[in-house]
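So the structure is just underneath, and the comments pick up after that.
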Amino acid sequence: MARLYEYQSKELLKNNGIKIPQGKVASSPEEVYLIAKEIGKPIALKIQVWITGRADLGGIKFAQNPEEAREISKKFFGMKVKNFIVEKVLVEEKLNIEKEFFAGLIIDDAKKSPLIIFSSVGGTGIEEIAKEHPTKISKHYISLLKGFKPYEARNLVRKTGVSGKLLLKISNILVQLYKVAIKYDARSLEVNPLVLTSEQEVIAADCHLVVDDYAVFRHPELGIEIAREFDRPATELEKIAYQVEEKDYRGTFYFFQMIEKPNSKENYIGFHGAGGGGSMMSMDAVLNRGFKLANYCDTSGNPPASKVYRAAKIILSQPNIIGYFASGSGVASQEQFHSARGFVKAFTEENLSIPAVIRLGGNYEEKAIEILSTYLKNILGSVEGYGRDDSPDFCAKRLNKLIEEGGRIIHKVNPIKEFHEPEDAYSFETLTGKIFIDHKKCVKCKTKGCIEECVYGVLKLENSKPVLSIDPMEVKKGRCTECLACEIFCQFHEQKAIYIHLPIPGLKEYRETLLRNKE
Amino acid sequence: MAILVNEKTRVLIQGITGREGRTRTKLMKEYGTNVVAGVTPGKGGDEVFGIPVFDTIEEAWEKKGPFDASVIFVPAPLVKDAALEAIENGIKLLVLIPDRVPIYDVLEIVQYANEKNAKFVGPNTLGLLSPGKAILGMIGGRAETARQWFKPGFVGVCSRSGGITSAISYYLTQKGLGQSTIVHVGGDPIIGLSLPEIIKLFEEDEHTKLIVMFGEIGTTQEERVADLIEKGEITKPIIAFIGGKAAKSGTRFSHAGAIIEGSRGSYESKVKRLKEAGVHIVDTFMDISKKALEISRNL
């Protein structure tokens, strides 16, 4: 997640010369006790969750001594606040606050520039401050080429009615804040409140830093597990999905759950969009039909078939859904048959029993729809494919109809079988998987259709058997795009000699836990 | 009869030898775009579909220049360098195709572009297309389908979603309404030419009579369009559809720009502002082309 916790954000401030309260983060009441003892002063306890207004939710409390701190923290750990379970508590010295300020940096999309904001009134959200105290708030657009100069910071602070030594202290902090924002690619950075203590020190009493999702790769030091903007911690399934995305740069795979445990009484469906706008439009169409989404998913930007396959497998790891809906913009530039093959492999492996409506409009949609109808006619659930001239609303209506006709089947998650590499099969690695060809079976093959299906020219015939035509390293680097065409041809038209193994780390265990907990 | 790009635009392609670069060069060239040269550092001397490849833009310019536009296909972490190279060399229009370009890199590109009076579309864009003239990017996928889906005409199309850009234009074509230029502005929170800036160009273009816009939750682009209309800077009729009605606050829906922050950028606030300004808001996507037909009858 690209949001940092308060304690992490503060650590970054401290490392860059901004004062923060003395303290540490704790994971148990015992740790709270030890940290409080070390501080040796009255204590502030703050739950670590990505929610503003923690005080009003009872998530910030004060203690006079270590024993009291420990007792209070016992109620904190495991407490549920909105979508969060509290796992960490920040234990800090209680500050003697004389005055509160607000300092923040955001990126303004209209001016296309970082905007630093300071207010000599703190406490509440900046929107309320702006409304109630318009003269106490000051803003400055920063030139990235010039940087943020100390004199600019001083002018900024002066406009809010602050002067003298305090002006100097605060403006220095603002300059440092900008440096922190740049250094960690902050999408936003907020210190609310920045406080003046009765000892006349200016201290960052709270801090929230959100790192730009796209820049997380520059910051391994931050230990960000999943670079996504959510309003809650990532679920296990989301983490599995994110691993898939991170390990495969081709196209985008975006997945999150709208509900972690859909129940079978309500009309939850698995949702698989393509393209941001198309996905949202399709989502609106199914919601208008009275469906609920178990998840939101988007595979786009020309993803290979293997990525769409993995997305479908992850979506089908959610129990109790009653339908599968896939739809994009309808007029995609990408060749749509790649996605179609991904669906064929996933639905066949799962022997999908619920109905699915797949809208694959765009380039080569006729071929894509044909792939779906040819290869998915024998699975339990009905699968219908549509193209650019069928609206999302129409497709949502079709799904509704199929669910009614099929008697409202409820999806059950299947266990994933342990994978054993077939012995003495011819094999080679691809970017994210491995292809096995059982040459013994190839003897009976009449068409050798796999060679023709491989439009990337990775396979050739040698002694009437398919083998690699190019350097295996080139194949592993991505010359084989994992289009799945050879496997599907061989599985449906020939000897079932080709198998493409596309592992999804953690999914087998995830499903096992899911099935165990159900029993 | 078009904005930003036409058949005369002299185009350079950066990252021409990569997987996407190669495929989309084929599309652009076959469609009729005037692709003059390509650049991939380390691949100087190669050719891609008959287009010469150079190691640097400076060299490409010496031998094949001038260039009016550059389409960039390099990996996201290298986009900033590629864009600055193009701007430094005097190219005035850039199209940044890649997804996942860090936001501060984009902000820096913005400042360099402003200094040199250059414009850019993207990042995270399918690009733009002037029907019958040229493509910058990858809209249409193949030249054959691009010719079939998009026809010359008087509707200016701009959208924050790539697939939707094509979809709107295709459905307009189905109704017999051609397009002047279609622009995917990109799905990111910070982009070069945003919806209001594109719409201003459509306003100035004498052949564009009607504007269709696809907006979505997040950012202030749609609100700024409303501001421009109220200031009288935009007078042509606009039809808009806003995606993300069902999206909840604080969670990102695919596009990095599609996130509601606080009360800003919500579906309701955008629709309200646009309606106040007199924009024709349609509730379902399929109504866009119907409404366009209705309005164009009275133009």
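Summed over segment A:201-219, residues that are under 16 Å from residue A:175 (Cα atoms) and within 10 Å of chain B (Cβ to nearest Cβ) total 0. Among the residues making up segment A:67-87, those that are surrounded by fewer than 19 Cβ atoms within 10 Å (Cβ to Cβ) and over 16 Å from residue A:232 (Cα atoms) are A:67, A:68, A:71, A:72, A:74, A:75, A:77. Screening residue B:145 with (1) surrounded by fewer than 23 Cβ atoms within 10 Å (Cβ to Cβ); (2) outside any helix (DSSP H, G or I) gives one miss only, at (2).
Against the test of being hydrophobic (A, V, I, L, M, F, W, C), in contact (Cβ under 8 Å) with a residue 40 or more places away in the chain, part of a loop (DSSP other than H, G, I, E, B) and not assigned by TED's automatic domain parsing to the domain that holds residue B:212, the options B:135, B:139 yield a single qualifying residue, B:139. When residue A:347 is tested against the conditions (1) within 13 Å of chain B (Cβ to nearest Cβ); (2) within 21 Å of residue A:407 (Cα to Cα); (3) free of Cβ contacts under 8 Å to residues at least 40 places away in the same chain, the lone failure is (1). Just to verify a result, which residue in segment A:258-271, among those that are in contact with a helix residue (DSSP H, G or I) (Cβ under 9 Å, 6 or more places away or on another chain) and either surrounded by fewer than 23 Cβ atoms within 10 Å (Cβ to Cβ) or outside the structural domain of residue A:299 (by TED's automatic domain parsing) (or both), is farthest from residue A:505 (Cα to Cα)? Among those that are in contact with a helix residue (DSSP H, G or I) (Cβ under 9 Å, 6 or more places away or on another chain) and either surrounded by fewer than 23 Cβ atoms within 10 Å (Cβ to Cβ) or outside the structural domain of residue A:299 (by TED's automatic domain parsing) (or both), it is A:267. Put simply, of B:190, B:164 the only residue that is at the interface with chain A (Cβ under 8 Å from one of its Cβ atoms), in contact with a Lys or Arg (Cβ under 7 Å, 6 or more places away or on another chain) and aliphatic (A, V, I, L, M) is B:190. When the residues of segment B:148-158 are filtered to those that are within 19 Å of residue B:207 (Cβ to Cβ) and outside any strand (DSSP E or B), the one that is farthest from the other protein chains (Cβ to nearest Cβ) is B:151.
The set of residues in segment A:69-128 being within 28 Å of residue B:195 (Cβ to Cβ), among the acidic types (Asp, Glu) and touching a Leu at 6+ places or on another chain (Cβ under 9 Å) consists of A:108 alone. Counted as qualifying within segment A:305-391 are the strands (runs of 3 or more DSSP E) with 2 or more residues that are among the aromatic types (Phe, Trp, Tyr), namely A:324-328. Among the residues of segment B:54-79, those that are out of contact with any strand residue (DSSP E or B) (no Cβ under 7 Å at 6 or more places or on another chain) and either among the small types (Gly, Ala, Ser) or buried (at least 21 other Cβ atoms within 10 Å of the Cβ) (or both) comprise B:65, B:76. Taking segment B:9-21 as the search range and keeping residues that are in contact (Cβ under 8 Å) with a residue 40 or more places away in the chain and not hydrophobic (A, V, I, L, M, F, W, C), which one is nearest to residue B:58 (Cα to Cα)? Looking at residues that are in contact (Cβ under 8 Å) with a residue 40 or more places away in the chain and not hydrophobic (A, V, I, L, M, F, W, C), I get B:14. Criterion first (assigned to a strand (DSSP E or B), without any contact (Cβ under 8 Å) to a residue 24 or more places away in the chain and buried (at least 17 other Cβ atoms within 10 Å of the Cβ)) does residue A:203 satisfy it? So residue A:203 does not fit the description; no.
For every residue, the table says whether it meets (1) among the aliphatic types (A, V, I, L, M); (2) surrounded by fewer than 24 Cβ atoms within 10 Å (Cβ to Cβ); (3) under 29 Å from residue A:112 (Cα atoms); (4) free of Cβ contacts under 8 Å to residues at least 12 places away in the same chain.
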position: B:120; (1), (2), (3), (4): no, no, yes, no
position: B:128; (1), (2), (3), (4): yes, no, yes, no
position: B:172; (1), (2), (3), (4): yes, no, no, no
position: B:185; (1), (2), (3), (4): yes, no, yes, no
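Determine, yes or no, whether residue A:335 is without any contact (Cβ under 8 Å) to a residue 24 or more places away in the chain and assigned by TED's automatic domain parsing to the domain that holds residue A:269. Spelling it out, it is not the case that residue A:335 is without any contact (Cβ under 8 Å) to a residue 24 or more places away in the chain and assigned by TED's automatic domain parsing to the domain that holds residue A:269. When segment A:243-296 is limited to residues that are aliphatic (A, V, I, L, M), part of a strand (DSSP E or B) and under 26 Å from residue A:517 (Cα atoms), the one that is farthest from the other protein chains (Cβ to nearest Cβ) turns out to be A:269.
Restrict the check to segment A:176-199 and report whether at least one residue is assigned by TED's automatic domain parsing to the domain that holds residue A:114, among the small types (Gly, Ala, Ser) and surrounded by fewer than 20 Cβ atoms within 10 Å (Cβ to Cβ).
yes
Among the numbered conditions (1) at pLDDT below 95; (2) surrounded by 20 or more Cβ atoms within 10 Å (Cβ to Cβ); (3) in contact with a Phe, Trp or Tyr (Cβ under 7 Å, 6 or more places away or on another chain), the only one that residue A:107 does not meet is (3). Among the residues making up segment B:54-76, those that are assigned to a loop (DSSP other than H, G, I, E, B) and among the charged types (D, E, K, R) are B:55, B:68. Annotation: of all residues in segment B:122-145 being under 16 Å from residue B:161 (Cα atoms) and polar (S, T, N, Q), the one that is nearest to the other protein chains (Cβ to nearest Cβ) is B:124.
Candidates in segment A:111-125 are the residues that are surrounded by 15 or more Cβ atoms within 10 Å (Cβ to Cβ) and closer than 27 Å to residue B:110 by Cα; of these, the one that is farthest from the other protein chains (Cβ to nearest Cβ) is A:118. Residues in segment B:198-209 that are surrounded by fewer than 24 Cβ atoms within 10 Å (Cβ to Cβ), farther than 16 Å from residue B:295 by Cα and touching a Lys or Arg at 6+ places or on another chain (Cβ under 8 Å): B:203 alone. Against the list (1) touching a Lys or Arg at 6+ places or on another chain (Cβ under 8 Å); (2) within 14 Å of another protein chain (Cβ to nearest Cβ); (3) not β-branched (Val, Ile, Thr), the condition residue A:391 fails is (1).
The values are calculated or read from the model by the stated rules, or taken from the named source; none is laboratory data. Bear in mind the structure is a predicted one, so any value in this text is a computation, not a measurement. Here the Cβ is made from the backbone with ideal geometry for all residues, glycine too, and neighbour counts use every protein chain on show.
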